[in-house]
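The values are calculated or read from the model by the stated rules, or taken from the named source; none is laboratory data. Worth saying up front: this structure is predicted, and the values here are computed from it rather than measured. As a convention, Cβ positions derive from the backbone with ideal geometry for all residues, glycine included, and neighbour counts pool all protein chains shown. When the accessible area is computed, the model is the full protein with side chains, heavy atoms only, and any ligands, DNA or RNA have been set aside. Shrake-Rupley method; radii C 1.70, N 1.55, O 1.52, S 1.80 Å.
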Amino acid sequence: MIVCKFGGSSVANAEQIRKMINIINTNEERRIVIVSAPGKRFDQDVKVTDLLIQLYDKVLLSENYDIELTKVLNRFESIAQELELKTPLIHLFESQLKGYIQKYNNHPLRLLDALKSSGEDFNAQLIAAFNSQLGVKTTYLSPKELQLIVSDEPGNAIIHPDSYDKINQVIQEIDGKIIIPGFFGVNENSDIVTFSRGGSDITGAILSRSVHADIYENFTDVSGIFAANPKIVDNPASIHNLTYAEMRELSYAGFNVFHDEALMPLYKEGIPVNIKNTNEPEHPGTMITKTRQSVGVVGVSCDAGFVSINMTKYLMNREVGFTRKLLTILEEHNISYEHMPSGIDDISIIIRKNQFNDNLYELVTEIQDRLHVDDISVEEDIAILMIVGLGMKTLIGTANKATEAFRNNHINIKMINQGSSEISMMFGIYVADEKKAVKAIYDAYFTA
Ligand code: ASP
């Protein structure tokens, strides 16, 4: 059995929906279909999920929300009209949204999750109705009916491990195509709880694991994953095959074709993921598998938005417990760090900026006071560039190629790190050098 997931751009309007319907109906194995909310139809367009968040903002401020509500309903109305859908759904959608607004009057987090989930929920109902109208046996299943039970962390839910078997039992009872909204589950009390943004990929992975799918096809608007960001490098090579671990490293530093949390449910069963293009379904796309034949470097990614807190203290290397005390301070502030390169008397700690709520300098003062460092400084404009590839383990001179490319392009390396698995090399650079660095590294490994 194949589980397919269609991202926002693949279900953004009637034309795209017809393409996805054709993809699922021409292959009997494609039985379970996860859909996102309608995404952008053109560059300046707004995703339905973002329209729903705008609606939430108005409700929260107790302001008139008619315009925002109408914008959401109009998106679905125009899709339904273009599909010549006979089932009248728009009034149902309207009362569902108004119902949430009333019900969760005093529960902003519940309201936000319920509204955010509606883009996927309405789209799944609409697509299921359309496919039934075409004469194909199709069932819409909500996460509640599926028993897709998640933790009660609004906007950041995690699947409950008992859910997989329960979902499988529900699915086994149903014939024909099953359309499921992505992006959310329900808690033990049946309240809607969403995954983090882009989380429909996670729903697809959960379903794949539940039904022990042969393959998880993830349809998007590109024919697979590129070796570098196509907005920076012209016509980058596309990757035919990469492992879960390589994908994780690449998405860590900015590749966002596939949600990194979505790999987790697939890992244990080793279910392959095929990233495919709704607009070019015959293209083989990119396969993500547990293992593969190792070759050199597969990709380079780079992400800005890091800060480095640098500390020096004379005889730091002899002070037992220094790092523990540093990490304790971070833990007390609920901050997770990314990297910690160190010297004999100095240590830097690299943290994503989004970990701070305006408390960066408060933290710095606290470190200074509690650890009595000689010097402490902050660099706020750090980007992390990752060079990823299984094969690097056995190759000699991979780092040399990178440092040479940096030197030739006058890029200052702030730090270097290589994990023990040798699957990636990480370079800290200044944000201003980001584009130049990605181009230089891509050229060094892929065009030389
Ligand atoms: N619609 C949600 C978002 O925009 C989830 C998804 O598309 O995967 O984040």
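Summary of values
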quantity	calculated
Surface/4 estimate of mean projected area, convex hull on alpha-carbon atoms of the range 208-331, nm²	11.7
Chain lengthening between Lys58 and Ser294 when straightened (0.36 nm per residue, less Cα-Cα)	79.8 nm
Extension gain from Thr447 to His160, taking 0.36 nm per residue of separation minus the Cα-Cα distance	98.8 nm
Selected from Leu97, Leu250, Leu330 as most flexible by GNM, with the chain as the system and alpha-carbon contacts under 10 Å	Leu330
At R0 = 45 Å, FRET efficiency that the Cβ-Cβ distance of Asn106 and Ile329 yields, to 0.05	0.80
Directionally averaged shadow of the chain, computed from the convex hull of its alpha-carbon atoms, nm²	23.7
Accessible area in the full protein assembly, largest first, 1.4 Å probe, for Met415, Met1, Met20	Met1, Met415, Met20
Loop chymotrypsin sites (Phe, Trp or Tyr not before Pro), the range 327-382 (other Cβ atoms within 10 Å of the site Cβ: 16 or fewer; DSSP)	Tyr337, Phe356
Dipole in debye (nearest 20) - the chain, about Cα centre, beta carbon charges: Lys, Arg +1; Asp, Glu -1	880
Vicinal HN-Hα couplings computed from phi for the range 339-347 (Karplus, 6.51 cos²θ - 1.76 cosθ + 1.60; Hz; Gly/Pro x)	9, 9, x, 9, x, 6, 10, 9, 8
Most fluctuating residue given options Ala432, Ala205, Ala128, as computed from a GNM of the chain linking Cα atoms under 10 Å	Ala432
Whole-Hz couplings from phi, Karplus 6.51/-1.76/1.60, listed for the range 368-385; x for Gly and Pro	4, 5, 8, 9, 6, 6, 6, 8, 9, 9, 10, 10, 9, 10, 9, 10, 10, 10
R0 of 35 Å, Cβ-Cβ distance Asn27-Thr403: FRET efficiency to nearest 0.05	0.15
Which of Phe183, Asn277, Leu148, positive extreme of dipole for the chain (C-beta unit charges)	Asn277
For the range 316-404, fraction of C-alpha pairs farther apart than 20 Å, in %	47
Simple spin-label estimate for Ile232 and Lys393 in nanometres, 7 Å along Cα-Cβ	2.6
Candidates Thr194, Thr365, Thr398: whichever shows maximal mean-square fluctuation once the chain is modelled as a Gaussian network with Cα springs under 10 Å	Thr365
Rg over Rh [alpha-carbon atoms, Kirkwood Rh] for the range 1-92	1.04
Accessible surface of Ser238 - all protein chains present, 1.4 Å probe, nearest 10 Å²	40
0 to 90° range, to nearest 10: angle between helix 108-133 axis and the chain longest Cα axis	50
Calculated FRET efficiency for the pair Ile413/Tyr314, C-beta based, R₀ 41 Å, to 0.05	0.95
Assigned charges on the beta-carbon of Lys, Arg, Asp, Glu; the range 9-50 dipole about Cα centre (debye)	60
Nearest 10 degrees, 0 to 90: helix 14-25 Cα axis against the chain principal axis	90
Per residue value of the accessible surface for the range 1-144 (all protein chains in place, 1.4 Å probe), Å²	46
Of Tyr100, Met340, Ser78, farthest towards positive along the dipole that unit charges on Lys, Arg, Asp, Glu beta carbons give the chain	Ser78
Using alpha-carbon coordinates, inclination of helix 322-332 to the longest axis of the chain, degrees	30
Of Lys47/Lys137; Lys40/Lys435; Lys268/Lys393; Lys231/Lys436; Lys144/Lys166, pairs whose Cα-Cα distance is over 18 Å	Lys47/Lys137; Lys40/Lys435; Lys268/Lys393
Cβ charges +1 (Lys, Arg) and -1 (Asp, Glu), total dipole of the range 216-273, debye	60
GluC sites (Glu not before Pro) within the range 297-394, DSSP loop, no more than 14 other Cβ atoms inside 10 Å	Glu319
The chain, accessible surface, carbon-and-sulfur percent (1.4 angstrom probe)	47
Restricting the range 229-315 to trypsin sites (Lys or Arg not before Pro) in coil, as DSSP defines it, with at most 11 other Cβ within 10 Å	Lys231
Length added when fully stretched, Ile174-Met1, from 0.36 nm per residue minus Cα-Cα	60.9 nm
Average accessible surface area per residue within the range 344-423, 1.4 Å rolling probe, Å²	56
